[in-house]
Amino acid sequence: MILILAFSFVLHHYWTNRAVDPGPGRVAPHEPVQLELRSRPEFEFKGYQMTALAQFDVEARVLSARRYRHDASAELSPIDLALGWGPMSDGAVLDAIDISQGGRFYHWSTRAPPIPLTEIGLYSANMHMIPASPEVAEALDGVRRGHVVHLSGELVQAENRNGFRWRSSLTRHDAGGGACELVFVRRIEVFDPNARS
């Protein structure tokens, strides 16, 4: 029984970390679309008081996907996606950049920058995903490096009764702590690279 469980874990880990090839060129050429909300509606979700800060829509290449099971916010946001668009969705550019995730951050390094260093940060971001439904959660769990995804929902602030507060960045021009987007994902589409023309 233990052997079967171990094999299942290894198989799941391999599958969820196996990269896909979306093809050559800029596979996600457009920047995210964001519309700030003046009314900032509030709603309850999984014991959190949620405040919608902006409508958000992005089509991007997945540079890395990191699943979280045991940190304090894993129930709310079980996966982070490092996403790239424009030049950061081009495989020729990404071949020269080492990308990783950990501790809810996205890290990159390069010895021979294929594009200006400022553009790496401007055209990529680490985003904390909050699935709005079981169907969205299942789709997010299947996302792998190299997939092109289309996500839409809201950038949010989340607070609970214990004083925990998590607020989305509202710009792509920041870096470091607090610079990640916190996305309440209402819809997701994962493009099959074999079906792309």
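The table below gives the values:
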| read-out | value |
| --- | --- |
| Net charge over other residues, Cβ less than 9 angstrom from the Cβ of Asp80 (K, R count +1; D, E count -1) | +3 |
| Förster-model FRET efficiency, 25 Å R0, Asp141 and Arg165, C-beta, rounded to 0.05 | 0.45 |
| Three-way shape call for region 2-195 based on the alpha-carbon gyration tensor, with the a/c threshold at 1.5 | oblate |
| Gain in span if fully extended, Ser39 to Asp57, counting 0.36 nm per residue against the direct Cα distance | 4.6 nm |
| DSSP-defined antiparallel bridges as percent of all bridges, region 2-195, nearest 5 | 90 |
| Projected label distance in nm at Glu189 and Ala175, using a 7 Å step from Cα toward the beta-carbon | 3.3 |
| Rounded to the nearest 20 debye, dipole of the chain from Cβ charges on Lys, Arg, Asp, Glu | 300 |
| Relative contact order of region 39-112, pairs being alpha-carbon contacts under 8 Å that are 6 or more residues apart, as % | 22 |
| Label-point separation in nm, His150 to Ala19, each point 7 Å along Cα→Cβ | 2.5 |
| Length added when fully stretched, Ala112-Asp71, from 0.36 nm per residue minus Cα-Cα | 11.3 nm |
| Relative contact order, percent, region 103-169 [alpha-carbon distance under 8 Å, six or more residues apart] | 17 |
| Amide H partners (placed H, <5 Å) of Tyr68, local residues excluded | Ile79, Asp80 |
| Relative contact order, percent, the chain [alpha-carbon distance under 8 Å, six or more residues apart] | 26 |
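Read the figures in this text as sums done on the coordinates, not as results from a lab. Bear in mind that the values here come from a model prediction, so they are computed numbers and not experimental data. Virtual Cβ from ideal backbone geometry, glycine too; neighbours counted across all protein chains shown.
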